[in-house]
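Here the structure is laid out as structure tokens; the discussion comes afterwards.
The values are calculated or read from the model by the stated rules, or taken from the named source; none is laboratory data. Small disclaimer: the values here were computed from a predicted structure and weren't measured. Here Cβ is always computed from backbone atoms with ideal geometry, including for glycine, and neighbour counts include all displayed protein chains.
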Amino acid sequence: DELENVRTHVAGVLEGLEPPAAESAVAVGGTATSLRRVVGAELSHETLERGIRLLSQTPVAEIAARFELDPERVRLLPAGILVLEAMSDVLALPLRIARGGLREGVLLELVEGRRLG
């Protein structure tokens, strides 16, 4: 199965990774923001598996129309879900989906720093 091959590859890439302890984890980027539309703002194992089931059982065009997503993005979502699932495992935390992206967060941090400094 293609998804199992991706899951195995991602696990191998992340093997041995020991991130510092964290209280929460946030997912950013296109996969995460697209998934927000499909499964909600928190990516637990249950919601990620529900997303995989939905994406593997429903035609791409139907998912794209239902959730207002680009069909090419829909095709990439299963692999992205597996990467996020593996990161959640490594962190031992569910992932929350950020409303903005990484660049937006950096800009907000810079603006806040100027205001305080």
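Restricting attention to the range 29-66, and to residues there that are within 9 Å of the chain's Cα centre (by Cα) and assigned to a helix (DSSP H, G or I), which single residue is surrounded by the most Cβ atoms within 10 Å (Cβ to Cβ)? Step by step, filter the range 29-66, then rank; the result is 35. Among the candidates 95, 102, 91, the residue that is of a type in the set (A, V, I, L, M), under 21 Å from residue 19 (Cα atoms), surrounded by fewer than 17 Cβ atoms within 10 Å (Cβ to Cβ) and at pLDDT 90 or above is uniquely 91. The one condition from (1) part of a helix (DSSP H, G or I); (2) touching a Lys or Arg at 6+ places or on another chain (Cβ under 8 Å) that residue 26 does not meet is (1). The lone criterion from (1) under 16 Å from the mean Cα position of the chain (by Cα); (2) modelled with pLDDT of 90 or more; (3) in a helix (DSSP H, G or I) left unmet by residue 69 is number (3). Note on the range 41-75: residues that are in contact (Cβ under 8 Å) with a residue 40 or more places away in the chain and closer than 19 Å to residue 25 by Cα amount to 6.
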